[in-house]
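Worksheet: the structure to be examined is printed underneath.
Any read-out appearing in this document is the output of simple, stated calculations on the displayed coordinates, not a laboratory observation. Quick caveat: nothing in here was measured; it's all calculated off a predicted structure. Cβ sites come from the backbone with ideal geometry, for glycine too, and all protein chains shown count toward neighbours.
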Amino acid sequence: MKTGIGKRVSEFAHGILFALLTILCASYSHTLLAEQLSFEKSSNEGELSFYYQWRVPNNQTASLSFNVDRHAFIRPFAKFRNYDRRRALRELNYRVNQYIQRQRWYGVQAFLSPRQEQMTIKARTARNEQLEKRYQQQLAKAQRFFTEQWQDYLSANAYRSLTLPPGETGIIPDAIAIAKQTQPLLSSLVVAIGNQLKDNSRRSYVNYVAHFVQAIPYDSLEDDLSSRGDGFTPPNHLLLNNRGDCDSKVSLTLALLRQIIPQAKMIVVYLPKHAIFGIQMAKQPNDAKLSHDGTEFILLDVAGPAVSPAGQLSNDVQFLIDTQQYTVVPAN
């Protein structure tokens, strides 16, 4: 007997396939562009050394250097893969069928469509009312198991579900969780930043980090992309490769500022084709800001190549904020 669960699972997978898969980081035109003047990376006796020099507002330059343990720095997320629905559904289909076999259930089955684009769980046709009731119970348990395994799959692979107005839903790299996991790798960079700014204001630290990240070459990822997450680079590998898209740069910014200003609340603001950062700090006149759950956040666009200090957004991004075309994800 067929039930609605097969349809719901199929629709769920179908939504994963099509929603938000074409969201990419956008470039906006600004007057002042960030410029990385120098990037040097060297390896010696198991240690990686980084050196950066970049241009900041008022035609000044800034520079910093730091060292990390090569193996410890490279290993995390070295095999990070962006979300692929067919791979995910194959894995989930295997888990559900293994679960059904362990339970020795004969009244429910899970299978993939011929092109592995959808997954269906359904009850078999029952010969009598008693069997039908048993099969429905098995189906309900298989459904709950699928939901649990789906969440486990997302978490284990550092993905998250994202919904943007007016209701599009898709799967993206979990930039916040990845930032948290890579924070310890960036401690020497945080120390180097502290040595540069010493006892300075929260805004000064935020702008310094922003200009550093903005100057890192922007990876527009204009090749044949199938999802927003294609090309996402975790913070440690962004620094290794010296390039990244907007979601990747937001993750790096978060990994740094959560160590520098741990007491500040922070958010990631996802927009169509873009992502920006928000932080709790004293506001200045004309700051671009957003209120969420009773806290006011100053907004910051770290994608580059524009030199954008805290509170300054492009007209395109500000329009999306003003028209509430965004989703806020708390980052603390």
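Odds and ends about this structure:
- Fraction of C-alpha pairs exceeding 21 angstrom in the stretch 89-166: 36 percent, rounded to a whole number.
- Cα centroid separation, the stretch 143-169 to the stretch 260-291 (Å): 25 Å
- Rg and Dmax [Cα atoms of the stretch 98-237; Å; Rg one decimal, Dmax integer]: 23.8, 77
- At 1.567 mPa s and 4 °C, Stokes D of the stretch 63-132 from Kirkwood alpha-carbon radius, µm² per second: 81 µm²/s
- Using only Cα coordinates, the Kirkwood hydrodynamic radius of the stretch 208-332 works out to 14.7 Å.
- Under the combined filter of DSSP loop state and at most 12 neighbouring Cβ atoms within 10 Å, the stretch 191-222 retains none of its chymotrypsin sites (Phe, Trp or Tyr not before Pro).
- Around Gly46: net Lys/Arg minus Asp/Glu count, Cβ-Cβ under 13 Å: -1
- To the nearest ten degrees, helix 129-156 and the longest principal axis of the Cα atoms of the chain are 20 degrees apart.
- Within the stretch 182-202, backbone nitrogen closer than 13 Å to the virtual label 7 Å beyond the Cα of Gln284 toward Cβ: 201-202
- For Lys41 and Arg90, the difference between the fully extended length at 0.36 nm per residue and the C-alpha to C-alpha distance is 13.7 nm.
- Evaluated with a Cβ-only charge set (Lys, Arg +1; Asp, Glu -1), the chain carries a dipole of roughly 1700 debye about its Cα centre, given to the nearest 20.
- Per residue, the average separation of C-alpha pairs within less than 8 Å and at least 6 apart gives the stretch 101-212 a relative contact order of 13 percent.
- Cα gyration tensor shape for the stretch 148-197, rounded if a/c is under 1.5, else prolate or oblate: oblate
- When each of Lys249/Lys283; Lys41/Lys265; Lys180/Lys283; Lys249/Lys273; Lys180/Lys273; Lys198/Lys249 is checked by Cα-Cα distance, pairs over 21 Å: Lys249/Lys283; Lys41/Lys265; Lys180/Lys283; Lys180/Lys273; Lys198/Lys249
- Rounded to 10°, Cα long-axis angle of helix 246-260 versus longest principal axis of the chain: 70 degrees
- Nearest 10 degrees, 0 to 90: helix 202-215 Cα axis against the chain principal axis: 80 degrees
- Translational D in µm²/s for the stretch 33-82 (Stokes-Einstein at 10 °C, 1.306 mPa s, Kirkwood Rh from C-alpha pairs): 124 µm²/s
- Packing rank of 301-308, 253-260, 61-68, where each peptide gets the mean count of other beta carbons within 10 Å, highest leading: 301-308, 253-260, 61-68
- At q = 0.07 Å⁻¹ the log10 of I(q)/I(0) for the chain amounts to -0.35, computed by Debye summation with a single uniform scatterer per C-alpha, solvent ignored.
- Summed side-chain charge close to Leu313 - residues other than Leu313 whose Cβ falls under 13 Å, Lys, Arg +1, Asp, Glu -1: -3
- Taking 18 Å as the straight-line reach from the Cα of Lys122, the lysines in range (excluding those fewer than 8 positions away in the same chain) are Lys2, Lys7, Lys133, Lys141.
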